[in-house]
Every structure is written in C-alpha cells, then in structure tokens.
1. Just to check your reading of the model, which residue among T82, T48, T6 is in contact with an Asp or Glu (Cβ under 7 Å, 6 or more places away or on another chain), among the β-branched types (V, I, T) and within 30 Å of L249 (Cα to Cα)?
2. Based on this model, can you work out whether R243 counts as over 17 Å from Q77 (Cβ atoms), buried (at least 19 other Cβ atoms within 10 Å of the Cβ) and either of a type in the set (A, V, I, L, M) or touching a residue at least 12 places away in the same chain (Cβ under 8 Å) (or both)?
3. Please work out which residue is surrounded by the most Cβ atoms within 10 Å (Cβ to Cβ), limiting yourself to the range 70-91 and to residues that are touching a Leu at 6+ places or on another chain (Cβ under 7 Å) and assigned to a loop (DSSP other than H, G, I, E, B).
4. Just the residues that are more than 11 Å from the ligand (Cβ to nearest atom) and among the hydrophobic types (A, V, I, L, M, F, W, C), please, taken from the range 27-58.
5. Does P119 satisfy the criteria of being free of Cβ contacts under 8 Å to residues at least 12 places away in the same chain and out of contact with any strand residue (DSSP E or B) (no Cβ under 8 Å at 6 or more places or on another chain)?
6. Only one residue in L153, L167, L251 is at pLDDT below 95, closer than 19 Å to L96 by Cβ and surrounded by fewer than 19 Cβ atoms within 10 Å (Cβ to Cβ), so which one is that?
7. May I ask you to say which residue of G66, G14, G94 is of a type in the set (G, A, S), loosely packed, with under 14 Cβ neighbours inside 10 Å and either touching an Asp or Glu at 6+ places or on another chain (Cβ under 8 Å) or not in a helix (DSSP H, G or I) (or both)?
8. Select from the range 131-170 the residues that are over 25 Å from A81 (Cα atoms) and either without any contact (Cβ under 8 Å) to a residue 24 or more places away in the chain or in a loop (DSSP other than H, G, I, E, B) (or both) and list them in ascending order.
Amino acid sequence: MSRIITRFAPSPNGWLHAGHAFSALFAHDFAQRQGGTFLLRIEDIDFTRARPEYVQGIFDDLRWLGLHWPQPVRFQQPHVATYCRALRELQRLGVLYPCHCTRRRLRQKTDAPGWPHDPDGAPVYPGLCRTDAVAKDDAPCARLGEWPLREPLPPAWRLNMHKALVLAERRLGRSLSWHEEGTGPAGEQGTVHANAERWGDVILGRRDIGASYHVAVVIDDALQGITHVTRGQDLFHATAIHRLLQVLLELPEPIYVHHRLITDEEGRKLSKSAGDTALRHLRANGMTPEHLRQLLGASPPS
Ligand code: GLU
C-alpha cells in the first residue's frame, strides 16, 4: 500500500470548536500511527463566508493542539479555474444542466406534504429545469468574478443524478460503493452502497463562487494524493456524491474513515457558533491540549 496521506479540511467561516479538534487529532494520529503524512487544507471556496481571521484562528488552534503539517497549505480560492474545468467536463458528459429556478418557485413544489428530503434535511429538487439537451449558450462559471451578482443571475448548475449514476455504474461495471474503514451513523462498515439517488439533482455549480464544495473536495483529495479521507459522520452520506464525482471525473478512489461526532450535553452536533467549546475560548480559560485530548477520548498515538 502506498504511503498514507490524511487531511483535515476546515472551512474558515467560524472558530474551530472541540468537534474540529477531535477531527484534526483523528486525521493527524491516523497518519502518524502508520508513518504517513497529515495535511492541512483550508476549504475557503465560499469566499462569501470565509474570513482571514478564521484562517489565522485555524493555524493558531491547531498549533496549540501540537499538530504539524507540511507547507504550503492548500487553499481553494486560487484553484477555482480547476474546479470550473471539472464542471465543464461534467457538462461535456451530458450530466450537468443549468437551473434558473428561484427559491420561491422551488418552494411552491416542495412545500407539498410528504415531499422527499435529502440526508441533510433539504427538499429534493423537483426537476423543473432538468433537460437532456446540452446547454449551448451557457457555460459553468461564465460570469465568475462578478461580485456582487447583477441581474440577470447566472444559472446554478445541477447534476442530472439519474443519468450520472447510470453512466458511472456503466463505467464501473457494478453498483457505486465505497470502502469504509470507520463507521457510518448506523454502524456501516466495509463496502458501503453509495446511495447517491437520495440526494436528487444536487447543485454543483454555484452562481456566486463557481463550484460547490462537492466538486472542490474531490478534486483536492485527488490532487493532494489523499489515501484516507478521515472526517465526521455528518459527511458520511455525502460520500455517495463524492464517489460518483470521482468515477465521472476519473479520479482515484480514497478509503473513507468516518468518525463519531462530538456533541453537546443535549446530544446535538457542535456548531461554529457553539461559543463555549470554541478552542480559542477553551485556551483562554486555561485548558491544556492534553486535557482536551482526554476529554475527547483522543489519546495520543504511542
Ligand atoms: N470543509 C468541510 C467542513 O468544514 C469538511 C470537508 C471534508 O472533510 O470533506 O465541514
């Protein structure tokens, strides 16, 4: 097996909290235990939310935790053209279509009782703009850099999920799956069936930032040679979308290692606004990295 490479890939749109610390330690220790490499990636593709003070906060918090990573750190904003090329490839394959639906128009459909929801709880797209015709006039990212956006709005770009799955499974010669070395929320392990269909026609090209998280993450994992994608179980179901994109874009398949989530006293996942568990707050109140490791149940690699 090739040398193990893991990554911690936070988005700089809030302060890191105890859940991020667990995730970073998990990725770091996983690599270190096996003589591998731990990388840090700053997922700042959403420039409308990313802030430089949060980037600095990530560096400060992770150093305080005692982590080290090779330089240079990969940021996403300088690579938007690469993600846009991937969108154009999906368009060429006939699995991406422009979508001009407004939120209001969508709600008129999806507010209906019993409307299906995706694993993140959002209503599944009703397919209003879905078409097999390859768009001639529109290209993903055509008006990128125009900010704030002016009317008429550029389209969003959606994956034709059904068509994409048929194409991917034809290429693979079997149904879409991934290899899970951690555990999913329902105890899933080993070969996991990638149920991408339940996400519906997800947005991959965004009006404001060009490409979505899903596109950027699979490109970056491939370009950085990530062998083991370690991350929280909140992203477990999204892995189906990532596997699908990897097959369509002919990217290598990493192993996935999803880990448990750190929750608050009421059992809720910590959010970026969870002030009390922000690492900078814990630090200022005298917490030590050793004690935090203990509280999180993340003992250092021996
Ligand atoms: N940037 C994502 C986040 O902060 C994590 C992406 C990943 O680990 O795949 O939630």
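The values are calculated or read from the model by the stated rules, or taken from the named source; none is laboratory data. Not measured: the values here are computed from a predicted model. Ideal geometry is used to build each Cβ from the backbone, glycine not excepted, and the neighbour counts take in all protein chains shown.
1. On the way: T82 fails: in contact with an Asp or Glu (Cβ under 7 Å, 6 or more places away or on another chain); T6 fails: in contact with an Asp or Glu (Cβ under 7 Å, 6 or more places away or on another chain).
Going through T82, T48, T6 in turn, the sole match is T48.
2. Working: over 17 Å from Q77 (Cβ atoms): yes; buried (at least 19 other Cβ atoms within 10 Å of the Cβ): yes; either of a type in the set (A, V, I, L, M) or touching a residue at least 12 places away in the same chain (Cβ under 8 Å) (or both): yes.
Yes, satisfied.
3. Per the stated criteria, the residue is V73.
4. If the condition is that a residue be more than 11 Å from the ligand (Cβ to nearest atom) and among the hydrophobic types (A, V, I, L, M, F, W, C), then F30, A31, F38, L39, L40, F47, V55 are the ones that fit.
5. Working: free of Cβ contacts under 8 Å to residues at least 12 places away in the same chain: no; out of contact with any strand residue (DSSP E or B) (no Cβ under 8 Å at 6 or more places or on another chain): yes.
Spelling it out, it is not the case that P119 is free of Cβ contacts under 8 Å to residues at least 12 places away in the same chain and out of contact with any strand residue (DSSP E or B) (no Cβ under 8 Å at 6 or more places or on another chain).
6. Numbers: L167 fails: at pLDDT below 95; L251 fails: at pLDDT below 95.
Checking each option against the conditions leaves just L153.
7. Details: G14 fails: loosely packed, with under 14 Cβ neighbours inside 10 Å; G94 fails: loosely packed, with under 14 Cβ neighbours inside 10 Å.
Of G66, G14, G94, the one residue that is of a type in the set (G, A, S), loosely packed, with under 14 Cβ neighbours inside 10 Å and either touching an Asp or Glu at 6+ places or on another chain (Cβ under 8 Å) or not in a helix (DSSP H, G or I) (or both) is G66.
8. Residues satisfying the conditions are T131, D132, V166, E169, R170.
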